[in-house]
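Scroll down for the structure; my scribbles are underneath it.
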Amino acid sequence: MVLVQIVWKNLLRRKIRSVLTVVGIAVGIGAVVSLVSITDGFVHGWKNMIKGHGVDLTIVKAGGEANFVLNTLDESLGDQLRQIKGLDSVTETMVDIATVEDKPSIMIFGYTLGGDYINRLKIVNGGLFTSKDKDEIILGSVLAKSLKVTVGDEVEVERELFTVVGICESSNILENGAGIVSLQRLQKLMNRPGKVTTFGIRLQNPSQLPEIKKEIETRLPNISALSSQEFVDENEGVKMAQALSWGISLIVLLVGAIATMNTMFMSVFERTREIGILRALGWRKGRIINMIMQESIVLSLCGGVLGIFLGMGAVRMLNLFRQLRGLIQAEYTTFLFSEAIILALLLGILGGLLPAWRGSRLPPVEALRYE
């Protein structure tokens, strides 16, 4: 009987234990797939938002790239930036977190009337602001659906009533789940007169980005000019989400390895006499190790494949909740699936290594005596 057949026979004769091990690994891998895919979707959303606004450089306070929501710049800085040659446009924007109706922590964007950001919005119902000072708001389609409001309705933002003048549809979840008001109205609402969060710069010639970036940071030493990629990579929220994903992956690796190791130890313990017979028949230590390792790896790989589907299913389940519907956008890539399979493979190797070594070390005579 070939080794592969022996491996499958050993796994199938302890079906319940094998299934429980596979399910345990699958749950862990599924958690990794769901969390990492949501994190990747979040990062992708940031990139899409910046690129969708046609921005080549984003200006933040030096050191403020980590958390741009808390970043504060003087609005007058825009006049200094416009004096630099090679800039096609400079658009200030403000971002803050507010309570909208009964929903806390809703992102609110403050856009300049006539600026690049507001002009690039895709309005699917209603229109733009009629004045920079009026209590008017444009809602992302997901937020409007969640609040069950439409154009002409009023919503409460930080205990002040705003009239919904438009509903916008965006290619990213950030704007879809946010509210947009005029820059001046958001400054007043948040008591931050004359302050902005960032400046978005579009270049006349994008190929000159490195030179203009250097010139901006030389002229204005207290600010940082970030490309779209840098702005996303340096964001504190993105870093925390990515760190959380890796942290959970490591925990899953540890817990899964222990679970697999426990299963394989029990298997070796129960088959002590059988292993002794195999050793007496001439099986070398290496072949015993190979058999036990294959059993461990097969269990883990089955758990990895099942975990991928569990992770995708978990994301779909989250989107069924009314509070989260449309706000979660997962991004599935070949790299993510490969990472899940490799993680499962590592679980099999780590979980089977010690039991395999233990099984190969059993003296044939003592093993044959074992009852």
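None of the figures in this text is laboratory data; all of them are computed from the coordinates on show. Because the structure is a prediction, the values reported are computed rather than measured. Methodologically, a virtual Cβ is constructed for each residue, glycine included, from the backbone with ideal geometry; neighbour enumeration extends over all protein chains shown.
Report ³J(HN,Hα) in whole Hz for each residue of the range 116-131, in order, from the Karplus equation J = 6.51 cos²θ - 1.76 cosθ + 1.60 where θ = phi - 60°; Gly and Pro get x.
These are the phi-based 3J(HN,Hα) values: 4, 5, 5, 6, 8, 5, 9, 7, 9, 7, x, x, 8, 5, 8, 7 Hz.
When every alpha-carbon pair in the range 63-221 is counted, what percent end up more than 20 Å apart?
51
Can you put Met261, Met94, Met317, Met293 in order of Cβ neighbours within 10 angstrom, beginning with the fewest?
Met317, Met261, Met293, Met94
From the cross-link list Lys85/Lys134; Lys134/Lys214; Lys122/Lys148, which pairs have alpha carbons spaced over 27 Å apart?
As for pairs spanning more than 27 Å Cα to Cα, those are Lys85/Lys134; Lys134/Lys214.
Just to check I understand the Karplus step: with θ = phi - 60° and J = 6.51 cos²θ - 1.76 cosθ + 1.60, what whole-Hz values come out for the range 334-340, glycine and proline as x?
4, 4, 5, 5, 5, 4, 5
What are the residues whose amide H is under 5 Å from the amide H of Ser89, where those residues sit 5 or more places off or on another chain and H is modelled from the backbone?
Arg202
Hey, can you grab everything whose amide H is under 5 Å from the amide H of Ile223? Only 5+ residues off in sequence or another chain; H modelled, so Pro and N-termini drop out.
For Ile223, whose amide H was placed from the backbone, the distant partners under 5 Å are Ala62.
With the crude spin-label approximation of a point 7 Å out along Cα→Cβ, what separation in nm comes out for Lys188 versus Glu154?
1.6
Check Glu331: other-chain or 5+ apart residues with amide H under 5 Å from its amide H, H built from backbone geometry?
Those lying under 5 Å, H to H, from Glu331 are Ile38, Asp40, Gly41.
Most exposed first by the Cβ proxy, i.e. fewest other Cβ within 10 Å, how do Thr112, Thr218 rank?
Thr218, Thr112
Residue by residue through the range 32-44, which ³J(HN,Hα) values in whole Hz follow from phi under the Karplus form 6.51 cos²θ - 1.76 cosθ + 1.60 (θ = phi - 60°), with glycine and proline marked x?
5, 4, 5, 5, 5, 5, 5, 4, 4, x, 5, 5, 4
How high is the relative contact order of the range 63-221, in percent, with contacts defined as C-alpha pairs under 8 Å that are six or more residues apart?
Relative contact order of the range 63-221: 32 percent.
Suppose we keep just the DSSP beta bridges with both residues in the range 63-221; what percent of those would be antiparallel, to 5?
Of all bridge pairs located within the range 63-221, approximately 75 percent are antiparallel.
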